[in-house]
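The values are calculated or read from the model by the stated rules, or taken from the named source; none is laboratory data. As the structure is a prediction and not an experimental result, all values here were calculated from the model. Here the Cβ is made from the backbone with ideal geometry for all residues, glycine too, and neighbour counts use every protein chain on show.
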Ligand SMILES: NC(=O)c1ccc[n+]([C@@H]2O[C@H](COP(=O)([O-])OP(=O)(O)OC[C@H]3O[C@@H](n4cnc5c(N)ncnc54)[C@H](OP(=O)(O)O)[C@@H]3O)[C@@H](O)[C@H]2O)c1
């Protein structure tokens, strides 16, 4: 291109103009000079796909909006498609069509990637295009880039952390104020930290999708949403949080992806963490991810896990990476499942547990319960007796045990006459005896 014609012009087709889409648009406009100086290219949004283009929207001129994806796909001037509509359909069709047509794709869509990631990565590779997805996990934190580019030789053994801001906000509020779960959830909704339908967040499904993506990249193996076992925070009570604090712990929803005997195990569950664990102080809607490997020891990345502007910053950084590697995509542009590792069964994982049991207030109760645990070779580390009469409870912490043994003991204990409600154990991470 002749020098007099100015910087190269790169045109984007944006799909969706919601919280993140509108922020990507404004960030690209506000930072245009800086981005042009850094990349040597003038990057702008040419077309925006929305459902109702006639609705007036702040920030972008009305003639950019269309409700026809073909206006973006069929425009040879548009080289990057930024997908920010969310969900799997029609996002999958749009992303597939864009890659098929040789356009690069940037997406923040964890549902799509946790279900179709490796198909899309392969397609991008086949078409010598690019797909980038930094914003799909942990908002503004550049964990995908670090995993893809900086950890290739790190021999990673585990990736774990707090990857859902909504549940972290709720648990932080319960811990800070003693609020009940339902009240903390209502407060999170009032302040915009939880959606009107919070199911995906509180059930752990949102974190599971993110952990599937992180595990896939960390262990070079296709890990899908269905490969992740998840437990949400619905059953964590304010009593559990209060007792945990008494014992020196706080409760967090963790995503944990680990290698056991070179096999992958990925799960999401609430866990008691020692107060002095670095993740214990990650509060509110913040996220934090630990990477552990033989070559790096331990790295922690933390920051805002969501938010329109924060997420938009990760999307724009992906756009800049696409522009930087245009014409010369290499192995960093395509996550590859070259390891193809097997999965390690949940039953064989060895974990520590905390358990609050509502029991009858009568002699011999503790003995009966201890006997069942003994039969399953589950060793009790400590027991506290709380309350009297109809409020009698046992608060127990256990030494590390194979999860299948613990589950079998719990099932039997749930059937004892002296136990008044279904036992709901919570795992304990980072105890001294682990
Ligand atoms: N918000 C965050 O903090 C955050 C953080 C990390 C990742 N993400 C991810 O970023 C993506 C976008 O999230 P968001 O918060 O910006 O969602 P959002 O506010 O709901 O925006 C989505 C937009 O896409 C539009 N849309 C949906 N289906 C469409 C279709 N078939 N055709 C055209 N437009 C369509 C919606 O239009 P209508 O207005 O007509 O419904 C809406 O404007 C999601 O994948 C999300 O998981 C978000």
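Among the residues of the range 288-298, are any touching a strand residue (DSSP E or B) at 6+ places or on another chain (Cβ under 6 Å) and outside the structural domain of residue 251 (by TED's automatic domain parsing)?
So the first thing to find is which residues in the range 288-298 are touching a strand residue (DSSP E or B) at 6+ places or on another chain (Cβ under 6 Å), and the list is 288-293, 298.
From the residues that got through so far, the ones that are outside the structural domain of residue 251 (by TED's automatic domain parsing) too are none.
Within the range 288-298, not a single residue is touching a strand residue (DSSP E or B) at 6+ places or on another chain (Cβ under 6 Å) and outside the structural domain of residue 251 (by TED's automatic domain parsing).
Scan the range 318-335 and give yes if some residue there is in contact (Cβ under 8 Å) with a residue 40 or more places away in the chain, over 27 Å from residue 158 (Cα atoms) and within 22 Å of the chain's Cα centre (by Cα), otherwise no.
yes
Restricting the search to the range 129-164, which residues are over 18 Å from the mean Cα position of the chain (by Cα) and in a loop (DSSP other than H, G, I, E, B)?
129, 130, 151, 152, 153, 154, 155
Do you know which residues across the range 72-115 are more than 27 Å from the chain's Cα centre (by Cα) and either in a strand (DSSP E or B) or within 12 Å of the ligand (Cβ to nearest atom) (or both)?
Hits for the range 72-115 are 72, 78, 79.
Residues are listed down the side, and each one gets a yes or a no for (1) under 30 Å from residue 329 (Cβ atoms); (2) within 16 Å of the ligand (Cβ to nearest atom); (3) surrounded by 24 or more Cβ atoms within 10 Å (Cβ to Cβ):
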{"site": "132", "(1), (2), (3)": "yes, yes, yes"}
{"site": "142", "(1), (2), (3)": "yes, yes, no"}
{"site": "148", "(1), (2), (3)": "yes, no, no"}
{"site": "166", "(1), (2), (3)": "no, yes, yes"}
{"site": "176", "(1), (2), (3)": "no, no, no"}
{"site": "181", "(1), (2), (3)": "no, no, no"}
{"site": "228", "(1), (2), (3)": "yes, no, yes"}
{"site": "235", "(1), (2), (3)": "no, no, no"}
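Hey, any hits in the range 224-233 for a residue that's more than 15 Å from the chain's Cα centre (by Cα) and in contact (Cβ under 8 Å) with a residue 40 or more places away in the chain? It would help to see each step written out before you state the result.
Filtering the range 224-233 for residues more than 15 Å from the chain's Cα centre (by Cα) gives none.
No, the range 224-233 contains no residue that is more than 15 Å from the chain's Cα centre (by Cα) and in contact (Cβ under 8 Å) with a residue 40 or more places away in the chain.
Filter the range 425-434 down to residues that are surrounded by 17 or more Cβ atoms within 10 Å (Cβ to Cβ) and not in a strand (DSSP E or B), then give me how many there are. Spell out the reasoning first.
Of the range 425-434, the ones surrounded by 17 or more Cβ atoms within 10 Å (Cβ to Cβ) are 425-429, 431.
Now narrow it down to the ones that are not in a strand (DSSP E or B): 425, 431.
So the answer is 2.
Applying the selection to the range 365-382, what residues are part of a strand (DSSP E or B) and exposed (fewer than 15 other Cβ atoms within 10 Å of the Cβ)? Don't jump to the end; show me each part of the working.
Of the range 365-382, the ones part of a strand (DSSP E or B) are 380-382.
If the condition is that a residue be part of a strand (DSSP E or B) and exposed (fewer than 15 other Cβ atoms within 10 Å of the Cβ), then 382 is the only one that fits.
What is the residue count in the range 176-222 for residues that are outside any loop (DSSP other than H, G, I, E, B) and either over 28 Å from residue 119 (Cβ atoms) or touching a helix residue (DSSP H, G or I) at 6+ places or on another chain (Cβ under 9 Å) (or both)? Quick ask: steps written out before the conclusion?
Taking the range 176-222 and keeping what is outside any loop (DSSP other than H, G, I, E, B), we get 176-177, 181-190, 199-202, 205-219.
Restricting the remaining residues to those that are either over 28 Å from residue 119 (Cβ atoms) or touching a helix residue (DSSP H, G or I) at 6+ places or on another chain (Cβ under 9 Å) (or both) gives 176-177, 181-190, 199-202, 205-218.
Residues meeting the conditions: 30.
Yes or no: residue 264 closer than 15 Å to residue 157 by Cβ, assigned to a strand (DSSP E or B), touching a residue at least 40 places away in the same chain (Cβ under 8 Å) and touching a strand residue (DSSP E or B) at 6+ places or on another chain (Cβ under 9 Å)? Give the steps one after another, and end with the answer.
Numbers: closer than 15 Å to residue 157 by Cβ: yes; assigned to a strand (DSSP E or B): yes; touching a residue at least 40 places away in the same chain (Cβ under 8 Å): yes; touching a strand residue (DSSP E or B) at 6+ places or on another chain (Cβ under 9 Å): yes.
Answer is yes for this residue.
Being farther than 20 Å from residue 166 by Cβ and either free of Cβ contacts under 8 Å to residues at least 40 places away in the same chain or crowded, with 21+ Cβ neighbours inside 10 Å (or both) is the filter here, so list the residues in the range 273-290 that pass it.
Matches in the range 273-290: 275, 276, 278.
What's the number of the condition residue 336 fails, among (1) in contact with a helix residue (DSSP H, G or I) (Cβ under 8 Å, 6 or more places away or on another chain); (2) part of a helix (DSSP H, G or I); (3) under 27 Å from residue 140 (Cβ atoms)?
(2)
Could you list all residues from the range 100-130 that are over 25 Å from residue 226 (Cα atoms) and crowded, with 22+ Cβ neighbours inside 10 Å? Let's see the steps before the verdict.
Start the filter on the range 100-130 by keeping residues that are over 25 Å from residue 226 (Cα atoms), which leaves 100-104, 126-130.
The answer is 103, 104, 129, 130.
Taking the range 72-87 only, how many residues are loosely packed, with under 15 Cβ neighbours inside 10 Å and out of contact with any strand residue (DSSP E or B) (no Cβ under 9 Å at 6 or more places or on another chain)?
Residues in the range 72-87 being loosely packed, with under 15 Cβ neighbours inside 10 Å and out of contact with any strand residue (DSSP E or B) (no Cβ under 9 Å at 6 or more places or on another chain): 3 in total.
Of the conditions (1) at pLDDT below 95; (2) within 12 Å of the ligand (Cβ to nearest atom); (3) surrounded by 14 or more Cβ atoms within 10 Å (Cβ to Cβ), residue 55 satisfies every one except a single condition; which number is it?
(3)
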